[in-house]
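The values are calculated or read from the model by the stated rules, or taken from the named source; none is laboratory data. Remember, predicted model here, so these are calculated numbers, not experimental data. Cβ atoms come from the backbone with ideal geometry, glycine included; neighbour counts cover every protein chain shown. Side chains included, ligands, DNA and RNA excluded: accessible areas come from the protein's heavy atoms. Shrake-Rupley method; radii C 1.70, N 1.55, O 1.52, S 1.80 Å.
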There are 4 protein chains.
Amino acid sequence: MCRWIAYRGETTALEHYVTEPAHSLITQSIQALESTASVNGDGFGLGWYGSHPEPGLYREIRPAWSDENLRYLCRHLHSHLFFAHVRAATGTAITRPNCHPFACGRWLFMHNGFVGSWSRLRRKVEALIPDELYPARVGTTDSEAIFLAMMGAGIETPVAAAEKTLARLTDFVNATEPGDRFRFTAALSNGRDLYAFRYAVNDKANTLYYRESENGIVIVSEPLDSDHKNWVTVPESHVVVALAGERARVVPLFHRHQEAAE
Amino acid sequence: MCRWIAYRGETTALEHYVTEPAHSLITQSIQALESTASVNGDGFGLGWYGSHPEPGLYREIRPAWSDENLRYLCRHLHSHLFFAHVRAATGTAITRPNCHPFACGRWLFMHNGFVGSWSRLRRKVEALIPDELYPARVGTTDSEAIFLAMMGAGIETPVAAAEKTLARLTDFVNATEPGDRFRFTAALSNGRDLYAFRYAVNDKANTLYYRESENGIVIVSEPLDSDHKNWVTVPESHVVVALAGERARVVPLFHRHQEAAE
Amino acid sequence: MCRWIAYRGETTALEHYVTEPAHSLITQSIQALESTASVNGDGFGLGWYGSHPEPGLYREIRPAWSDENLRYLCRHLHSHLFFAHVRAATGTAITRPNCHPFACGRWLFMHNGFVGSWSRLRRKVEALIPDELYPARVGTTDSEAIFLAMMGAGIETPVAAAEKTLARLTDFVNATEPGDRFRFTAALSNGRDLYAFRYAVNDKANTLYYRESENGIVIVSEPLDSDHKNWVTVPESHVVVALAGERARVVPLFHRHQEAAE
Amino acid sequence: MCRWIAYRGETTALEHYVTEPAHSLITQSIQALESTASVNGDGFGLGWYGSHPEPGLYREIRPAWSDENLRYLCRHLHSHLFFAHVRAATGTAITRPNCHPFACGRWLFMHNGFVGSWSRLRRKVEALIPDELYPARVGTTDSEAIFLAMMGAGIETPVAAAEKTLARLTDFVNATEPGDRFRFTAALSNGRDLYAFRYAVNDKANTLYYRESENGIVIVSEPLDSDHKNWVTVPESHVVVALAGERARVVPLFHRHQEAAE
């Protein structure tokens, strides 16, 4: 389990969201409140968009709370769209390539959740990654594999690509007896649009909230302050779609498929 | 604040004390029960005596709970006298030289506590280190400085050296207004004899326990299991003296000085 | 490319082979003489057998030359059979799981070489790993994949398992146009017997030497001293077989297959 | 010994100077040409000025050549004045606080050189640091101590502060018999003005070059390309003074003192 934050809005220093709030992501790294793991000390990462066509990444295996580089970078990096993530590993190694966010071309992805029997389902999930993207598989997490599977499932229509991939994963865990658990609370962006998913199979989904103003939107695993009324809870099996220049919409997952089936 | 364990007895694999117990030191690294810091994730260290005249050290800045090297070493290293420590930093950098234990010649030392205004008192404490030992000052912690001061105060009579050094520290913190706090719960060994101190000024001392059998003695910050009646609480201002071939004695600190004054 | 050393013989401190010789492995980490990479600073590792049924591992991503833990461990660890390795990465990430040696059950393996177009051939090689061993695939190197493929090819007859795996790899690289290069200079052990392979396809094999006395055998990428007449050069396409209690034999690879074909 | 680069000019991505040139600093980290240490793999650092009143820092103990974070940061960080440094340690620990550059308030400093008998002279040099700056002494290098001594010697007139500090150091090394060596090739900035010193006592000074155009000035340990005629060699005992809005001047050190003595 992990904690993360995604921001899109006016260009700002990352510190205003990552290190400064009362219950900032850094505070959550040592004491999260709504996670099964209160300590998220198995590495962390930043991903951000700037003037370069591809996003920047800073990932480190040390806990976020003691990384002095992170404080300097959050103070000096300015971005209109960034991700930050603190990790509580669920079985895979503590390495930089296993830290979130993951980048592929213009796309950034980060995840909080797990695939129940990862060591048993891993080969099936990795097989969803197309050959041409397999060199981008530089780590060993379920999260990175799912991201690359989504990339290969037609990422230019992100919700459809996610639904297609989640449907495959759902089949995989339901094919076991009893059905493995699968939790997927994730953020995805191409540098303009921002998507955040809340989904689970055979289990309760991890929490997901957002707060929107005219200055932008911030989407989080748990609120950055104790003023909970500022935060909108995203329902299970829904996706937050925050397209560039539009207000965010919360859309049910698999809705169109259900419609199509009706 | 930190958590530690010291063992002397029959030669054994370190894992029986460091990684295997229900509330092992590794468990304490992510969830200590009797510490002001429940997370001790700012590095860790092992120190042990073997056939070489000087002790071995393994220190690392990652949290103990996720270090696969630590598990292998605790399984493979056998020793009759070893220290293990998980760190919760109190202001100094997360570096290997700032991780405990510290070694100097045949001596090993580790500490749980702090000097209240370290940045203000640091120069005074460092001035207690004799010139010939100053090259051994490879880190920046209060703990290492106190250890080297003790080394310079006549370490061959360890309790007297500790009392002499603690008296100086006590003077330092009492010279401030209001008096700075000082907590010192520490272990010291020459490879044969084992000493453990519990002391504080202007504050409550950190917890210290031990358990002794015919196979050996284990001294800890907090018990390794929930069976508290197995563990003897060391009173404040006392030192556990476990000389080679003798049963441990718990001796008041500054006792002889008080006697001399009577 | 990398540098490594394997030892089997009288139980000894690792330091006599890893850190002390004039041209020790640590010296080779910063200035190798017979490698295309003179700097082998992309991590290192130790693997050793002791009283525990499974070997110990110490792997680290820092360069070997500056790791103080390594010096302590080489001084304090004693073993009758150990591996040490310094890494020069050829494309995969600098992580602990990508450092050599690799362990699986009682077996240890380390490697110096590469698979020419690893990103292109990776899926084929990973497919050689049986499902039950795939959870042991914790890194992303070609070396670990080949080791696990060998484990799955009947490791109880190690030379045959290696030949079977090398034949598959040879087919893979020869199926490309022009044929990819493949270099494989590796050590393998079960804690009793020691094997060292020197092989290449479409390229010159990396160097391999050994030195044997009544006290034991040491097999190396390049000699530990300048007295080259002490060292026997292993020919290409040969394997050093050092069975417990016997003198080492140098045996041609694929010999029996050739015999069978005659 | 180390290698470094300092830039002041039009705001630019760091990559154009740190990672892209034919003989970039990253290339120098694994194969420097004009240094006694050809490998500078003992950590590295970036320091840069942006919109925040204090400079940013990114320091890491891994070699620069394999740090993927460094590549992302050099691509995404833009600055009008930045420092980059790769380290070859000369006796002090490989820790982040011992990596260059060092920051104190608005000032940045980095160094290539050493104090001959650092363990013997360390206390004398540390005594030059005023009490109020001693909390900024977070590492153990000679370089950081000299920087903080310069800060305390009146950093608002940087050349005079450097001369004052270098004079003290010169006295220290000349008081030993035979005189210890002291090499000091360093860069200093307040975010507007840039200074680079080349000095040595009882030894040859480390190399120092610069290249200036209308777009800015870059000062280096060794040229970034093989076109040496582009680069001006800074003579020993001189300082490059590049004030904001002016062309750089190369000024002899201790000149005014000599004048005053005439």
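Assorted remarks:
- Whole-Å semi-axes of the ellipsoid equivalent to the range A:49-127 (Cα gyration tensor, √5λ, descending): 26, 17, 9
- Qualifying aspartates and glutamates (Cα of each under 15 Å from Cα of C:LYS229; at least 8 residues distant if same chain): C:GLU212
- Shortest-first distances to equivalent copies, position A:GLU236, nm, label 7 Å out along Cβ: 5.1, 6.3, 7.7
- Inter-chain Cβ neighbour count for B:52-62, averaged per residue, equals 5 (cutoff 10 Å, partner chain atoms only).
- In the context of the full set of protein chains, residues of the protein assembly as shown present 36 Å² of accessible surface per residue (probe radius 1.4 Å, heavy atoms only).
- Backbone HN-Hα couplings from phi across the range B:159-173 [Karplus 6.51/-1.76/1.60, Hz, Gly and Pro as x]: 5, 5, 5, 5, 4, 4, 6, 5, 5, 5, 4, 4, 4, 4, 6
- Note on C:GLU156 and C:HIS52: with the Förster distance fixed at 22 Å, the Cβ-Cβ geometry gives a FRET efficiency of about 0.60.
- The range C:1-118: relative contact order as a whole-number percent, Cα under 8 Å and 6+ apart: 35
- For the listed residue pairs A:LYS124/A:LYS204; D:LYS124/D:LYS164; B:LYS124/D:LYS124; C:LYS124/C:LYS204; A:LYS124/A:LYS164, the alpha carbons are over 21 angstrom apart in A:LYS124/A:LYS204; C:LYS124/C:LYS204.
- Just so you know, the averaged projected area of the alpha carbon convex hull for chain B sits at 13.5 nm².
- Comment: the Cα-to-Cβ extended label point of A:ASP193, at 7 Å, lies 5.4, 6.0, 7.5 nm from its counterparts in the other copies, nearest first.
- Amide H contacts of C:LEU194 (H built 1.01 Å from N, under 5 Å, at least 5 apart or other chain): C:ALA242, C:LEU243, C:ALA244
- Dimensions in Å of the range A:9-59 - Rg and Dmax from alpha carbons: 13.1, 38
- Shape class for the range B:86-137, computed from the alpha carbon gyration tensor (a ≥ b ≥ c): oblate, with a/c not under 1.5 and a/b at or below b/c.
- Annotation: amide H of B:ALA37 has no partner in the under-5 Å range at sequence separation 5 or more or interchain, hydrogens built in the peptide plane.
- Proximal charge balance of A:HIS111 [Cβ under 9 Å; K/R count +1, D/E count -1]: -2
- Taking N as the residue count of the range A:176-233, its C-alpha radius of gyration divided by 2.2 N^0.38 Å amounts to 1.38.
- With a cut-off of 12 Å on the backbone N, the residues of the range A:135-156 near the modelled label site 7 Å out from A:ARG168 along Cα-Cβ are A:145-155.
- Residue and distance (whole Å) for the chain D Cβ nearest the axis that superposes D on B: D:THR95, 2
- Other-copy label distances relative to A:THR157, 7 angstrom Cα-Cβ extension, nm: 5.5, 7.3, 8.7
- Largest first and in whole Å, the equivalent-ellipsoid semi-axes of the range B:108-262 read 26, 18, 16, each the square root of five times a Cα gyration tensor eigenvalue.
- Mean projected area in nm² (Cα convex hull; one quarter of hull surface) for the protein assembly as shown: 49.0
- The contact between chain B and chain D removes approximately 1300 Å² from the accessible area (both sides summed; 1.4 Å probe; ligands, DNA and RNA excluded).
- Estimated FRET transfer efficiency when R0 is 35 angstrom, pair A:ALA244-C:GLU34 (beta carbons, to 0.05): 0.05
- Nonlocal amide H pairs with D:GLU222, under 5 Å, H built at 1.01 Å: D:TRP4
- 5 Å-binned pair-distance histogram of the range A:1-114 (Cα, whole percent): 2, 14, 24, 26, 20, 10, 3, 0
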